[in-house]
Amino acid sequence: MTPELGDGTRVVHSSQGAPGDPFGAQPVFASAYHLGGQDYYGRAGNPTWRALENALGSLEGGECVVFPSGMAAISTLLRTVLSTGDTLAVPSDGYFLTRKFVSEMDVNVLEVPTAGPYPSFEGVRLVLLETPSNPGLDVCDIAELAVRAHAAGALLAVDNTTATPLGQRPLELGADIVVASDTKAVAGHSDVLFGHVTLADAELAARVRDARTLNGAIPGPFETWLALRGLGTLDLRLARQAENAAAVHALLKGRVAGLRWPGAPDDPAYLVAAQQMRRFNGVLTFELRDVASVEQFLARSKLVSAATSFGGLHSTADRRAQFGDPVPEGLVRFSAGCEDTRDLVADVSHALGLN
Ligand SMILES: Cc1ncc(COP(=O)(O)O)c(C=O)c1O
């Protein structure tokens, strides 16, 4: 696909058949292949993975390797890059299972403030950012951190889940690796778990690919096809989600504590976010007084469901402290879905007793 085309065109045409073929690539349900062609055994590679890997790799500007979940992508990358005794730097805010996974590895973990100031990365093997971070929605300066990481001989990986491949291109900003949970906005319909790693370096990509083959935990063709089908509407969904997030942000401004959305010009992360992100998305955070206030909000809302994911078609809210995130009890990560903006704003306003 020609890179000059717009993102909407690129994702719509990311799965395209030839005359006489179906429009989208279809899932190929095969474990063994007649030898002599490109494929020989489904665990090593297959046409359904290739269709999605080509689409995501082309958007992100690297070589993509797909995985059955975001955690499978992250854990395989970490096991491939890190050896016993290595040092990994992670920002202070980030997905809790990534933090749990690294705490159980035989590596040293250096925690750095998400929005800086950043220390020297001397002696660090890998810096793993998450930006916008989860659930705090702070933003790390990818270009600055790439320079610092490389000066110290470290690799820089970015968890791009919240931003999506349309919202941010970390490899263009100097990062070496992108990891993501496509369970969220990329697949987008809350019906599949999925993940991927995209790498700038072909040799490291081959090692990650080999690790997947040896490990044997691979994505199924149907799940891969669902993610590819979801990718086709990512541009449209992100547009509505960001519009809804902006409207909910405007509704809540000055009326709830701890309101964060990197797309708002008065957000502390806005300047860096606007510089490095290509567009904003539907995820915002705010604090209600306590657990009961969050429960009341969810009980009164007809459009917002309690769910621990984000980026899907439906608006959802997640009280992160229930999963052990070190945040106030009433902190809500809110994922604006694709409902009509007017309906969502009216619903949230009613549910919070703002009207
Ligand atoms: C930022 C981030 N990274 C990784 C993951 C893990 O992805 P998955 O649930 O697809 O394994 C999540 C899941 O919530 C996430 O929010």
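The values are calculated or read from the model by the stated rules, or taken from the named source; none is laboratory data. Quick caveat: nothing in here was measured; it's all calculated off a predicted structure. All Cβ positions, even for glycine, are placed from backbone atoms using ideal geometry, and neighbour counts span all protein chains on display.
Look through the stretch 277-304, keep the residues that are away from the ligand (no atom under 16 Å from the Cβ) and in a strand (DSSP E or B), and return whichever of them is surrounded by the most Cβ atoms within 10 Å (Cβ to Cβ).
Looking at residues that are away from the ligand (no atom under 16 Å from the Cβ) and in a strand (DSSP E or B), I get PHE286.
Which one is nearest to the ligand (Cβ to nearest atom), of the residues in the stretch 193-225 that are loosely packed, with under 15 Cβ neighbours inside 10 Å and closer than 18 Å to GLY61 by Cβ?
Checked the stretch 193-225; the qualifying residue nearest to the ligand (Cβ to nearest atom) is ASP201.
Looking only at the stretch 139-165, count how many residues are crowded, with 24+ Cβ neighbours inside 10 Å and out of contact with any strand residue (DSSP E or B) (no Cβ under 7 Å at 6 or more places or on another chain).
So the answer is 4.
Please verify whether the stretch 264-271 includes one or more residues that are at pLDDT 95 or above, part of a helix (DSSP H, G or I) and within 20 Å of the chain's Cα centre (by Cα).
Yes, some residue in the stretch 264-271 is at pLDDT 95 or above, part of a helix (DSSP H, G or I) and within 20 Å of the chain's Cα centre (by Cα).
Among the residues of the stretch 229-239, are any of a type in the set (A, V, I, L, M, F, W, C), surrounded by fewer than 24 Cβ atoms within 10 Å (Cβ to Cβ) and under 17 Å from SER335 (Cα atoms)?
The answer is yes, given that some residue of the stretch 229-239 is of a type in the set (A, V, I, L, M, F, W, C), surrounded by fewer than 24 Cβ atoms within 10 Å (Cβ to Cβ) and under 17 Å from SER335 (Cα atoms).
Quick grid of which residues meet (1) modelled with pLDDT under 95; (2) of a type in the set (Lys, Arg); (3) loosely packed, with under 14 Cβ neighbours inside 10 Å:
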position	(1), (2), (3)
SER14	yes, no, no
GLY20	yes, no, yes
GLY24	yes, no, no
LEU35	no, no, yes
TRP49	no, no, no
VAL66	no, no, no
SER69	no, no, no
THR76	no, no, no
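I'd like to check something: does the stretch 320-327 contain any residue that is more than 23 Å from GLY230 (Cα to Cα), part of a strand (DSSP E or B) and within 16 Å of the ligand (Cβ to nearest atom)?
No; the residues of the stretch 320-327 include none that is more than 23 Å from GLY230 (Cα to Cα), part of a strand (DSSP E or B) and within 16 Å of the ligand (Cβ to nearest atom).
If I go through the stretch 62-77 residue by residue, how many of them are in a helix (DSSP H, G or I) and hydrophobic (A, V, I, L, M, F, W, C)?
Here the count works out to 5.
Can you tell me which condition VAL124 does not meet? The list is (1) under 28 Å from VAL283 (Cβ atoms); (2) touching a helix residue (DSSP H, G or I) at 6+ places or on another chain (Cβ under 8 Å); (3) of a type in the set (A, V, I, L, M), and all the others hold.
(1)
Return the residue satisfying two criteria in turn: it lies in the stretch 7-27 and is under 26 Å from the mean Cα position of the chain (by Cα) and in a loop (DSSP other than H, G, I, E, B), and of such residues it is farthest from TRP225 (Cα to Cα).
Going through the qualifying residues, I end up with HIS13.
Restricting attention to the stretch 328-338, which residues are outside any strand (DSSP E or B) and within 12 Å of ALA245 (Cβ to Cβ)?
Across the stretch 328-338, the qualifying residues are ALA336, GLY337, CYS338.
Out of SER92, SER103, which single residue is within 16 Å of the ligand (Cβ to nearest atom), closer than 22 Å to PRO326 by Cβ and in contact with a Pro (Cβ under 7 Å, 6 or more places away or on another chain)?
From the options SER92, SER103, the qualifying one is SER92.
Could you please find all residues in the stretch 153-173 being within 19 Å of ASP93 (Cα to Cα), assigned to a strand (DSSP E or B) and more than 12 Å from the ligand (Cβ to nearest atom)?
Within the stretch 153-173, LEU156 is the sole residue that qualifies.
Could you tell me whether the stretch 105-114 includes any residue that is in contact with a helix residue (DSSP H, G or I) (Cβ under 8 Å, 6 or more places away or on another chain) and under 24 Å from VAL283 (Cβ atoms)?
no
Does SER75 satisfy the condition of being farther than 22 Å from VAL11 by Cβ and within 16 Å of the ligand (Cβ to nearest atom)?
yes
Just checking, does the stretch 180-187 include any residue being away from the ligand (no atom under 14 Å from the Cβ) and modelled with pLDDT of 95 or more?
Scanning the stretch 180-187, I find no residue that is away from the ligand (no atom under 14 Å from the Cβ) and modelled with pLDDT of 95 or more, so the answer is no.
Counting only residues that are without any contact (Cβ under 8 Å) to a residue 24 or more places away in the chain, give me the strands (runs of 3 or more DSSP E) lying completely in the stretch 78-152 with at least 2 of them.
Per the criteria, 108-112.
Given the conditions (1) among the polar types (S, T, N, Q); (2) more than 14 Å from LEU52 (Cβ to Cβ); (3) within 14 Å of the ligand (Cβ to nearest atom), which single one is not true for GLN241?
Condition not satisfied by GLN241: (3).
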